[in-house]
1. For region 244-279, which residues satisfy the criterion of being at negative phi, over 23 Å from the mean Cα position of the chain (by Cα) and surrounded by fewer than 20 Cβ atoms within 10 Å (Cβ to Cβ)?
2. Would you check which residues across region 665-713 are in contact with a Gly (Cβ under 7 Å, 6 or more places away or on another chain) and of a type in the set (S, T, N, Q) and list them?
3. Taking the condition of being farther than 16 Å from residue 704 by Cβ and under 24 Å from the mean Cα position of the chain (by Cα), how many residues in region 756-776 meet it?
4. Do we find that residue 940 is β-branched (Val, Ile, Thr) and not in a loop (DSSP other than H, G, I, E, B) in this structure?
5. If you go through region 960-978, how many residues are in a helix (DSSP H, G or I) and either surrounded by fewer than 23 Cβ atoms within 10 Å (Cβ to Cβ) or at pLDDT 95 or above (or both)?
6. Taking the residues in region 162-215 that are without any contact (Cβ under 8 Å) to a residue 60 or more places away in the chain and assigned to a strand (DSSP E or B) as candidates, determine which candidate is farthest from the chain's Cα centre (by Cα).
7. Yes or no: residue 1046 farther than 25 Å from residue 965 by Cα, exposed (fewer than 13 other Cβ atoms within 10 Å of the Cβ) and in contact with a strand residue (DSSP E or B) (Cβ under 8 Å, 6 or more places away or on another chain)?
Amino acid sequence: MKKLLIANRGEIAVRIARTAAEMGIESVAVFSEDDAASLHVKRADAAVPLPGSGPAAYLDIAQVVQAARTAACDAIHPGYGFLAENPALARACAEAGLAFVGPAPETLELFGDKARARALATSCGVPVLPGTEGPTTLEEARAFLAEHGAVMVKAVAGGGGRGMRPATTDDELAQAFERCASEAKAAFGDERLYVERFLPHARHVEVQVVGDGRSVVHLFDRECSLQRQRQKLVEIAPADMLPAELRERLFAHAVALAQAAGYRGLGTIEFLVDGDEAVFIEANARLQVEHTVTEEVTGLDLVRLQLQLAAGRTLHDLALSQERAPQPRGHAVQVRVNLETMAPDGSARPAGGVLAVFEPPSGPGVRVDGFGYAGYATSARFDSLLAKLIVHAGAGGLSRAVAKAYRALSEFRIEGAETNIAFLQNLLAHPAVVAGEVHTRFIEAHMGELAGEPEAHPRLYFDAAAQGAAPAARREAEGPPGTTAVRAPLQGTVINVTAHAGEPVRAGQTLLVLEAMKMEHVVEARASGVVRALAVQPGETVFEGDPLAFVEETGGAGAGGEAEAAVDLDAIRPDLAEVIERHRLTLDEARPEAIAKRRRTGQRTARENLADLFDPGSFSEFGALAVAAQRRRRSLEDLRANTPADGIVTGVGSVNGDLFDEDRARCVGLAYDFTVLAGTQGHFNHKKTDRILEFAEHWKAPIVWYTEGGGGRPGDVDGGQLSASSLDTTSFTTFARLSGLAPRIAINSGRCFAGNAVFFGCADVTIATRYSNIGLGGPAMIEGGGLGVFTPDEIGPSDVLYANGAVDLLVEDEAAATAAAKQILGVFQGPVRDWTCEDQRRLRHLIPENRVRAYDVREVIRTLADAGTWLELRGGYGKGMITGFLRVEGRPLGLIANDPRHLGGAIDSEGAEKGARFLQLCDAFDTPVLSLCDTPGFMVGPQSETTAAVRRGSRLFVTATSLTVPLFTVVLRKGYGLGAQAMAGGDFSAPAMTIAWPTAEFGPMGLEGAVRLGYRKELEAEADPVARQALFEKLVGKMYENGKALSVASVVEIDAVIDPAQTRAWLVRGLKACPVPQRAAGKKRPFVDVW
């Protein structure tokens, strides 16, 4: 590399020229027609003019490349901003035989596309904020805002805080979208936007990386949280106010991302850090404004590294490995000195003028990168950054470096234009800044105390006032008599004039738009009146206070007020009419033929099911305007008419809101629409799924999902070559990851195959109608695998799945399924006030006096429960173990019970697994458990052991001992052996209460078996069969006396023997005495088994 063209201006161009000179590389500057007096023109070895003025001249790729050719350069350095991250410039350089000092075009495209960058981060295991994928419409952004409550609008091709604004309301979002698009177009030539969830109190921390295309090294971190309007003002290196473990995690994330991208050159990976949570936000594939602080603490020249790598050197050549990377020494602080003033409310206003004095500070550890000089006339068309003050303190910690920066600012003398030096001094003097305890909204939160008077700080120089100098006065335009001047609120360039002379205007109406610091500012009429004269036209640069227009004010009764009063509030504008029509097409009423076909199967539509599930008027639908990704093969009109919502209705609302408060009634709903492409899963279908699942995950909302559908959809062709296998679909991962966070209920009516069946199977509770077929593969997949030809009705019929446990609840139709889902949700939502129950004296008579006679334990459960609240789950499987939910005096409980009519109540493998899994479900969602014990123990014998009874039975012990909710055990009759211990959570001392009815009996095994085993010799010695039976009954009677409830209670092996009619009272007192532990911030259990 012999000759370098610097495709930038100002301080960064000066900075690059200095390093080039040190390396013996000749530098060539470029300048626009209105920028010939900028200092970088003189600091380079040569300068080439660019046709045009303002940023547009520097954004013209063709003329920048031509300038390099004309000057016989062999390389171009883009600096930061302008074309620094534009892959088109990198490609143009390659085509022209020029070295581009920066990453490869493919890398620039990757990180310039925020959606692809986020996808790469996810694939590398780096957390990201929830956000829209790729260019986003205002409508899509509104849906995202509704999900997340606050968003940050960002430019897809952006960086450096340009084209970024937060929004918390629809109105703010619309304004942010308009302004961000315009700013992004001006700054990057790309007006596309996307949105992310907004974290208002996070730190902004970035990691410096350098790579040679094969390996990547990090050069530690920078703290960049002190920002105003997303523009950084103060940067610190290193970010050692963070825990070491968190910093190492950020380093690993940054290196992994850059390594995955095959990164070559210098780059920055940016994160938001909130507590222990760190999320990737973007990567800047260029030199950063704040690279200086990394240079100061490491001793490396980052621009030199860029030039060396661009010339073909490798990290190995440069002896730069992670082990040999210089460790940070001390602390460095950079402050950005901008041409701007601060209003009392903290808003920044660009300033300008002719610099009379520019005297930067100096001394050990003090560095100034700037381009000011006495006599320089500033320009409002470019960024307001005038100089960067960087200080380094090798010892003494961050506080010493901050103090050093404060003093250096006190030495910095700039006259002829206003700067933000006093504001920066206020900032550095704040105790929280000195301590490093800041976040991205810190300046905004403390603006009142930071926007103080400059006189509060020392000036360690002689200023112009002390020397008797006086600034020259400026003449301004005068308006017609009787008019009031509308003045510029800040320095900027007029980019649009919407008002016309002689035109009536109303208060608040837009008159002009100014651009300053690449951001647009609307100038409105302060009062109604008539515009009598305009003082400016587009393209003119104005200073703060300059008159822009002259208005003859008429007050509220003028033309403006009449125009406002004439607005028809009921009128529907064309843009709104289009929205209304698009939404109408998604409704059932717009598709009578499809609905009629649905009626022939006796089923409801997806929207009807959700309307039944959610409280009236509470459901907000997300992604309603999506259509199938088939625009390459079908017309948009066809898709809108026949693929509404892309076959899935998603949203959020309230369920059981008449019983529970807003927080507990929250619920997410999804329903595949079988009338749209058979409920199959397409591109936008999955995208909508991901969005609503991310919402549920963030806000810990329960989910009800109607799963009918045919699985993956091969007909979505719009992805082209961007997708091959579709095996990177994240919907399945997200839904599975939600296990244990909030309850998830799946409902199926009809055919549910492949991916739809996986979602059904991943749910915590599965409900199916009798008209259901559910399988991991449908007929086409089975036939394609050479496994035979079957009809859909032969695959996974509901009665089979109910018997094998895949279906928890089998009901007649969708109405019954929805009612059951609401009842189950109610259990997890909490207690209710109103309840009734049967006469509890019936419980005294439901257990037969004959201790070996079977009985219906479900009748015991129904009598014990509040009327109508008992709901059994998985009743077709593991029949010896009954599981389900009930209420007692309105309080929800999970229940496990032995069924003496199945194997005498013995616990077999299926029953043990079923009970253990149900205990997980109850514990995960804070539901206390009632155990009704009547078991002779675990099922034993050779046949039992073929079912892996040892392992499957042990699940009851392992699960029960991990419960955090109260467990109450009531022994109805048999409490024998290990089975009884398992029903009591491991042993009879484990439950919060272990109580027994008078009919209860206890022992290490069944009484009869214990007698036969323990008294075998005595019984065999009795030759007379009648006498032997009498002896047997005598021994059983004696053992019964020792093992009956009263005897066991007398030695305090159980807590009490009670009147069965008092069982509910005992339970309620127990619940009051053992409140459920307060819910943790995340999951109580990593997941809830689906089996």
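1. 244, 259
2. Within region 665-713, 680, 681, 685 meet the criteria.
3. Number satisfying all stated conditions: 1.
4. no
5. Within region 960-978, residues that are in a helix (DSSP H, G or I) and either surrounded by fewer than 23 Cβ atoms within 10 Å (Cβ to Cβ) or at pLDDT 95 or above (or both) number 2.
6. 193
7. yes
One line per residue, one yes/no per condition, for (1) within 26 Å of residue 1091 (Cβ to Cβ); (2) in contact with a Lys or Arg (Cβ under 6 Å, 6 or more places away or on another chain); (3) touching a residue at least 40 places away in the same chain (Cβ under 8 Å); (4) not basic (Lys, Arg):
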position	(1), (2), (3), (4)
797	yes, no, no, yes
806	yes, no, yes, yes
814	yes, yes, yes, yes
828	yes, no, yes, yes
834	no, no, yes, yes
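The values are calculated or read from the model by the stated rules, or taken from the named source; none is laboratory data. This one's a predicted model, so the numbers in the text were calculated from it and none came from an experiment. Note that we place each Cβ from the backbone using ideal geometry, even for glycine, and neighbour counts take in every protein chain shown.
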